[in-house]
Amino acid sequence: MVLLAMALLLAACGSAGPPRPDVALLPDPGASGHVWRWTAQCPSGPAASDGCGSAGPVLGFAQLNADEWNLGGPADAGSLDMSVGSDGAVTIDGRFARTAPCTDPSCLAPSAFTWVRGYPNVLYGINQCYAGTSPPQSPRLPFPVRLDSIPPRLIGVTAYSAQTSQVTYDIAYDLWLHPTGTRQPCRSEGTLEIMVWTDYDQRALLPASMQVGTATIPYAVNRAARPGTAAWSIYASNIDRAGRTAPWGGTIWFVLDHADVVGHGLVSVDLSAVLSAAGLLLHDNYGWPELGRHYWLDTASFGVEFGPASGDPMDSGPSRFSAQISAYCLDVRTTLPDAACG
């Protein structure tokens, strides 16, 4: 009887289905019905009747972050709205009649020559340079975490769709790495930003002169695994020899080939493979030390970069778009087809 009971218990455990993801961020039905609005005068926190909020709203382990870091112009030029629907999905609506670049000395990057005006996103981890406003973290994957201590097969899982009638855009992960385990990271010499584009407008592409290689990054679309063999182009900026970067850090982009971009659906990306490929590139091309032992992962965001439809960095033309992120989670110790948000 005891053996029979144990057998039944083991069978029940085996049929309980896959475990919950390590960090579930979306959907979050508990926040439904809320809408937050950012303008050029309120790039960090949503606009309010008495000014600007200090930071975006927190939804469980996630934070909604407009990050309009390069948006200039008057407040009445338009707004960026982020809302949560009854199903817990986040909708991002950009309605800008004008999207001038932010060129005043007080801007974050007044001389930045890019079409990007902002990166509205769902953030997990530490908000760069604003650690005090960061969302709480899951004990299953606390940040900062040294890269060689991340559990195997860190997989980002998202479900999204976008309507992009009058905008230049990309849909991407934004990973921030720091050369120390500080709990208050900020853009500085040695900081690394790694972007992973899964969809984009052709005008968004970086100059060919910035491409430094290709990479094989496995990914899956609607649970169908794709090997990603040499399917990702790698671009780099502000990266120097032997671990040095520009004073504000350096950036590496992993851009899925245009023939393979995913305009909508459930998309899983092997972020461990991204970090490994970045480390290999930095070691082989720039003589950096091993990334895994010398860098910590601080932030893992997913969202949309946007700018004027022309793709001209100095254009003040309109940007109008809408994107929905219906799922976002970070899963570990699983396979790409099996990774899931709940």
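The values are calculated or read from the model by the stated rules, or taken from the named source; none is laboratory data. It should be emphasised that the depicted structure is a prediction, and the values quoted were computed from it without experimental measurement. FYI the Cβ positions are ideal-geometry reconstructions off the backbone, even for glycines, and counts take in every protein chain you see. These area figures cover heavy atoms from the full protein model, side chains too; ligands, DNA and RNA do not enter into them. Shrake-Rupley method; radii C 1.70, N 1.55, O 1.52, S 1.80 Å.
Of note:
Table: residues versus (1) closer than 20 Å to Ser272 by Cα; (2) β-branched (Val, Ile, Thr); (3) open to solvent by 30 Å² or more (accessible area, probe 1.4 Å).
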site	(1), (2), (3)
Ile155	yes, yes, no
Ala159	yes, no, no
His178	yes, no, no
Arg187	no, no, yes
Trp197	yes, no, no
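- Selection from the stretch 120-142 of residues that are part of a loop (DSSP other than H, G, I, E, B) and surrounded by 21 or more Cβ atoms within 10 Å (Cβ to Cβ): Pro120, Ile126, Asn127, Gln128, Ser134, Pro135, Leu141
- Per the conditions (1) over 23 Å from Ala162 (Cα atoms); (2) of a type in the set (Val, Ile, Thr); (3) buried (at least 19 other Cβ atoms within 10 Å of the Cβ), the sole criterion not satisfied by Val267 is (1).
- Top-ranked residue of the stretch 73-94 - restricted to ones that are outside any strand (DSSP E or B) and either open to solvent by 10 Å² or more (accessible area, probe 1.4 Å) or of a type in the set (Asp, Glu) (or both), ranked as modelled with the lowest pLDDT: Ala75
- In this structure, Arg223 qualifies as at pLDDT below 95 and open to solvent by 60 Å² or more (accessible area, probe 1.4 Å).
- Any pair with Cβ under 6 angstrom, 6 or more apart, that starts in the stretch 28-49 at a residue that is open to solvent by 70 Å² or more (accessible area, probe 1.4 Å) and ends at one that is part of a strand (DSSP E or B): His34/Val84; Val35/Asp81; Val35/Ser83; Arg37/Ala47; Arg37/Ser79; Arg37/Asp81
- When each of Gly292, Gly342 is tested for being over 18 Å from the mean Cα position of the chain (by Cα), surrounded by fewer than 18 Cβ atoms within 10 Å (Cβ to Cβ) and under 22 Å from Val122 (Cβ atoms), the lone residue that passes is Gly342.
- Search result, residues across the stretch 106-159 that are modelled with pLDDT of 95 or more, closer than 25 Å to Tyr200 by Cβ and of a type in the set (Ser, Thr, Tyr): Thr114, Tyr119, Tyr124, Thr158
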